[in-house]
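Down below is the structure, laid out as structure tokens.
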Amino acid sequence: MKFDDVLVKIGEFGTYQKRIYFLLCLPAINSGIFMVISVFILGVPNHRCAIPGYDNDTYEVQNHYHQMLINKTIPPPTDEKFLYHECHLYVNRSGSYDTNNKPINATEETCSKWVYDKTDFESTFTSEKDLVCGDDNLPSVAKMLFFGGVLVGAFVFGVISDVIGRKKTLLISFVINIGTSIGLAWADSYIVFVVLRFLIGAANAGIFLTGFVIGMELVGPSKRMWAGVVVEYFFAIGLLILAGVAYLLRDWKYIEMAVAFPNILYLSYYWIVPESPRWLLSQGRFVEAEEIMRKAAEVNKASLPDKIFDKDSIDLTAPKGKLWHLFSTRVMFIRTLVIFFNWMVVSMVYYGLSLNTGNLGGNFYLNFTISGLVEFPAYTLCILLLDRIGRKWLHFIAMVAGGVACVSTVFTTIYGGESLHAVTVTLAMIGKLGAAAAFAVIYIFSAELYPTVVRNAGMGASSCCARVGGILAPYVADMNKVVSGDFGRALPLVIFGAASIAAGVLALALPETLHKELPESIVDAEHFGKKAIKEKEKEVYVNEAYDQDINLSDETKSSIKSNGHENTVTETSAQNGYGDTKM
């Protein structure tokens, strides 16, 4: 029996698969946490230079005398959002002050010590290591290197899982993630911090992607769309848990340990989660695969014949395509670039809006919580609408609606200010909703667009493009460090919105895949969605056959003349490679 036939016989998503799928969704909670935890551990609190010689200086005003010292020492802010200048202090060699205790003819100099506002954070790695002012680019570099680790991990663990198996790869990822995430709490230097964060990113990719693959390979064909979206709910649950943990603890080391130590429980998966039977079949390990499927049948209360797998159960001789085949023709080149661009943008916008939470103003933790909550309706809309309005239009609506909402924040920020702060946050959250929905859709959409012979390579390359978007996200989110004022705070959202709109519009160039037979070969993919052109080319082949009088009877020729080739298109096009069976 073919593997999918066995799944149908025992139940495509029976009790056994539901149990394993649920267990594999739990690590997605931790993946969600680690993907955006930098919002808290690398947060930049409001700060100012420490008053020289005042040992117990704090950002908060202690008394009237302390306020007087601040007035004498700290210049006024360059941005009305802040109370004080963040990077300079007065050096008053004349010793003269005006009636407001402001120094006269003083010079401004950069400082080397700061005090931090503890309203939102008791401590972050940024405040602990003074990564501000001249070093304010280092937190962005740390975030970028984390997503670089995700990129490397997606590639490395993807290759490893095909060689040693999904289960072993998942366990290796768990071990690396546990060791590095716990160790991060004791990082005593920036170099150690970024190296550990890089490894956490790589392990995180291995956990999420490998667990996702095992789950999907146990689910029958008709249930994979549901399984592909439901796991995203667990990712969003991770964001809500992180918000609660961070709110209660406020110190980056305690937050890191609180979310790292529970990962030890996942080592129990060595005894609980089975190896992917589909991978076992691909390795010729039929007995092991059969044992797993019989156990699944027993739990699902289904029966199987005495012999279910042999060398014919999986096609090991299926034609393999190469990545460059996606660029072999003009049509495929354009479509592939559009898919890659959409993956990059949707990832950049999704993670960028998550990292930009602190720049929205208002209650930091409330904003982050709302940012996580909006993902639930986003994924629900995907489940409800994917098979109703189609992949292309749902992706377009999500990208453009979210993009327009983000761009609109420039007006509420610049012209409304604090009076329209609630509107600004609402627009940003609509943008996050659109990005979350588009992220779920693009995975299914692109998987259906890539032909079977190169689908894995295409999805792997798309995932790499998404990681590039993740690398760009922290730099765009921190654009307010380069451009000050209200426009600087709105600029990241404007960039995210404009990129989202552009990607959504370009997606209209892609063909719809809903209720369509999906492409098997590169030729199928090139002609997918081009019915009129395809029929015209078939007609040319039939005309050539008619003109050359090859293997066509007089009766068939007469049928061609009278019926517009309808009786011979299928046979002739099949001989020329256009009539392959599609799944």
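The values are calculated or read from the model by the stated rules, or taken from the named source; none is laboratory data. Note that this is a predicted model, so its numbers are computed, not measured. Positions of Cβ are generated from backbone atoms using ideal geometry, with glycine treated the same way; all protein chains shown enter the neighbour counts. Heads up: the accessible areas ignore ligands, DNA and RNA and are worked out on the full protein's heavy atoms, side chains in. Shrake-Rupley method; radii C 1.70, N 1.55, O 1.52, S 1.80 Å.
In summary, helices (runs of 4 or more DSSP H) completely within the stretch 97-191 and bearing 2 or more residues that are more than 21 Å from Phe364 (Cβ to Cβ) and more than 23 Å from the chain's Cα centre (by Cα) occur at 138-164, 166-184. Filtering the stretch 192-226 to residues that are among the β-branched types (Val, Ile, Thr) and either closer than 30 Å to Leu131 by Cα or assigned to a loop (DSSP other than H, G, I, E, B) (or both) leaves Val192, Val194, Val195, Ile200, Val219. Of the residues that make up the stretch 341-350, is at least one surrounded by fewer than 21 Cβ atoms within 10 Å (Cβ to Cβ) and of a type outside the set (Phe, Trp, Tyr)? The answer is no, given that none of the residues of the stretch 341-350 is surrounded by fewer than 21 Cβ atoms within 10 Å (Cβ to Cβ) and of a type outside the set (Phe, Trp, Tyr). Selection within the stretch 368-404: residues that are over 20 Å from the mean Cα position of the chain (by Cα) and either of a type in the set (A, V, I, L, M, F, W, C) or within 22 Å of Ala498 (Cα to Cα) (or both). The member of this set that is surrounded by the fewest Cβ atoms within 10 Å (Cβ to Cβ) is Leu384.
Do we have any residue at all in the stretch 227-240 that's open to solvent by less than 30 Å² (accessible area, probe 1.4 Å), touching a residue at least 24 places away in the same chain (Cβ under 8 Å), more than 26 Å from Phe13 (Cα to Cα) and part of a helix (DSSP H, G or I)? Looking through the stretch 227-240, at least one residue is open to solvent by less than 30 Å² (accessible area, probe 1.4 Å), touching a residue at least 24 places away in the same chain (Cβ under 8 Å), more than 26 Å from Phe13 (Cα to Cα) and part of a helix (DSSP H, G or I). The condition of being free of Cβ contacts under 8 Å to residues at least 24 places away in the same chain, assigned to a helix (DSSP H, G or I) and within 27 Å of Thr119 (Cα to Cα) holds for Ala258. Within the stretch 443-489, restricting attention to residues that are under 30 Å from Asp79 (Cβ atoms) and outside any helix (DSSP H, G or I), the residue that is farthest from the chain's Cα centre (by Cα) is Ser484. The residue that is modelled with the lowest pLDDT, counting only those in the stretch 310-341 that are farther than 15 Å from Cys465 by Cα and of a type in the set (Val, Ile, Thr), is Thr317. What's the number of the only condition in (1) at pLDDT 85 or above; (2) of a type outside the set (A, V, I, L, M); (3) open to solvent by 70 Å² or more (accessible area, probe 1.4 Å) that Phe286 fails to meet? Just one mismatch for Phe286, condition (3).
If we keep just the residues of the stretch 1-35 that are within 17 Å of Val230 (Cα to Cα) and outside any helix (DSSP H, G or I), which is nearest to the chain's Cα centre (by Cα)? Among those residues, the one meeting the criterion is Phe13. Taken over the stretch 333-352, the criterion of being of a type in the set (D, E, K, R) and touching a Gly at 6+ places or on another chain (Cβ under 6 Å) is satisfied by no residue. Restricting the stretch 261-293 to residues that are free of Cβ contacts under 8 Å to residues at least 12 places away in the same chain and in a helix (DSSP H, G or I), the residue that is farthest from Leu42 (Cα to Cα) is Val287.
In the set Ser446, Ser500, Ser419, only one residue is of a type in the set (Ser, Thr, Tyr), over 26 Å from Val156 (Cα atoms) and either touching a Ser or Thr at 6+ places or on another chain (Cβ under 7 Å) or open to solvent by less than 30 Å² (accessible area, probe 1.4 Å) (or both); that residue is Ser500. Scanning the stretch 36-74 for residues that are part of a loop (DSSP other than H, G, I, E, B) and either more than 19 Å from Thr357 (Cβ to Cβ) or among the aromatic types (Phe, Trp, Tyr) (or both) yields a count of 15. State whether the residues of the stretch 208-217 include one that is within 21 Å of the chain's Cα centre (by Cα), polar (S, T, N, Q) and within 23 Å of Arg250 (Cα to Cα). No: zero hits. Against the criterion of being at pLDDT below 95 and over 23 Å from Cys382 (Cα atoms), Ile264 does not qualify.
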